[in-house]
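The values are calculated or read from the model by the stated rules, or taken from the named source; none is laboratory data. Worth saying up front: this structure is predicted, and the values here are computed from it rather than measured. Positions of Cβ are backbone-derived with ideal geometry, glycine not excepted, and every protein chain shown enters the neighbour counts. Ligands, DNA and RNA are stripped out before the accessible areas are found, and what is left, the full protein with its side chains, is counted by its heavy atoms. Shrake-Rupley method; radii C 1.70, N 1.55, O 1.52, S 1.80 Å.
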Amino acid sequence: MTVRIDLLPKTKYVVPGNSACAGCGMMIGLKVLGMALGEEAVLSIPASCASVVQGLGPKSGVALPILNVPFASAASVATGMSEAFRQLGVKGQAVVWAGDGGTADIGFAAVSAAAERNSDVLYIMYDNEAYMNTGIQRSSETPKGAWTTTTPTGKREAKKDVALILLAHGVPYVATANIAYPQDFYRKIKRASEIRGFKFIHLFAPCPPGWLFDPSLTVEVARKAVETGVFILWEYDNGELKLNPPSSALVDKSRRKPLVEYLKLQGRYAHLSEDQIKQMEEEIDRKWQFLLRFAQAARPRA
């Protein structure tokens, strides 16, 4: 299903007064979330950029109901909200809006537990690939080779694939999304909201100050991640895994743009040697092959 951008809701849920950095990819994603779910969404937000950029009380730059909660508790709080909605007969969507640190690292035990229980929660991890709010420290979602203040010569470990880990929990819906493709993200939120149980969306959300690029380039950086094959758009829906456009057209490696087109836009990769870039290309190829084999295995049999 293609979502026409001119038919998207016009009500704004990210409003003037927020204190986000210029070009913040996370706030672009939050705008789409508001358009998709509106006031039915109640957000559980752990310590993160998202908990800070709402602005100073008593006013807020985000026009959605929000519970700001301790770092490790967002999935547990959302589970409680979901149960309250069910018991009270209230129409609402319990949504976690959390960064990569609060999801893949500090909050992962609660995330895994909610997935194991199949709690009726929509969990969205906006991934800016480091602890940006506290000074650009590395997280397990920081890519191998990337500069952060705690990996000044580049991170040595590979990026954790949280989406695949949660898919292995047997939950009904897992997807990846990217702020450069808002219609795809919108459609996936709407689809997830139709399903009972635990749903997870990994949202790629570039961070200008953390990735060291000009704020005007946020969408271009995000788009290049998909066009070069660094970030793959896919969707797992009740037993079937498939690639989504434009990633579905990039199975043929020759159709992907050179990796350097993505790397050169960001200062966090400026130190990489040609050999390191070649190793990154090889790792991207391995990821594609694994995901394609997985999709083939998950394809429904006739």
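Before moving on, here are some points about what is shown:
- Listed values for the range 43-57 are Karplus-derived 3J(HN,Hα) couplings in whole Hz (6.51 cos²θ - 1.76 cosθ + 1.60, θ = phi - 60°), namely 9, 9, 10, x, 3, 4, 4, 5, 7, 9, 6, 4, x, 8, x, and x replaces Gly and Pro.
- Antiparallel %, DSSP beta bridges [both residues in the chain], to 5: 30 percent
- Most to least packed among 94-106, 255-267 [average Cβ atoms within 10 Å]: 94-106, 255-267
- Entries in K59/K224; K190/K278; K159/K257 that, when Cα-Cα distance is taken, lie over 27 Å: K59/K224; K190/K278
- Ignoring aspartates and glutamates fewer than eight residues from K91 along the same chain, the ones with Cα atoms less than 15 angstrom from its Cα are E39, E40, E83, D120, E194.
- Solvent-accessible area, 1.4 Å probe, carbon plus sulfur percent, for the chain: 55 percent
- Relative counts (whole %) of C-alpha pair distances in the range 1-73, using bins that are 10 Å wide: 18, 50, 26, 5, 0
- The ratio of the alpha-carbon radius of gyration of the range 132-269 to the globular-protein estimate 2.2 N^0.38 Å is 1.09.
- Estimated dipole of the chain in Debye, rounded to 20 [Cβ of Lys and Arg +1, of Asp and Glu -1, Cα centre]: 440 debye
- Length-normalised contact order for the range 233-285 - Cα pairs under 8 Å, 6+ apart - percent: 19 percent
- Computed log10 I(q)/I(0) for the range 245-287 at 0.15, 0.17, 0.21, 0.30 Å⁻¹: -0.42, -0.53, -0.77, -1.14, from the Debye equation with unit scatterers placed on every C-alpha and solvent omitted.
- With N the number of residues in the range 94-198, Rg(Cα) / (2.2 N^0.38 Å) evaluates to 1.13.
- Dipole magnitude (debye, nearest 20) for the range 212-291, charges at Cβ of Lys, Arg, Asp, Glu: 120 debye
- Among 123-133, 141-151, the peptide with the highest mean count of other Cβ atoms within 10 Å heads the list, and the full ranking is 123-133, 141-151.
- Using the 1.4 Å probe convention, the accessible area of the range 16-296 works out to 41 Å² per residue with neighbouring protein chains retained.
- 20 °C / 1.002 mPa s Stokes-Einstein diffusion coefficient of the chain, Kirkwood radius on C-alpha pairs, µm²/s: 110 µm²/s
- At 1.306 mPa s and 10 °C, Stokes diffusion of the range 205-302 via Kirkwood alpha-carbon radius, µm² per second: 108 µm²/s
- Under 9 Å, Cβ to Cβ, from P172 - net charge with Lys/Arg +1 and Asp/Glu -1: +1
- Per-selection Kirkwood Rh - the range 31-134 (Cα, Å, 1 d.p.): 13.8 Å
- Packing-based order for 113-121, 173-181, 213-221, using average beta carbon neighbours within 10 Å, highest first: 173-181, 113-121, 213-221
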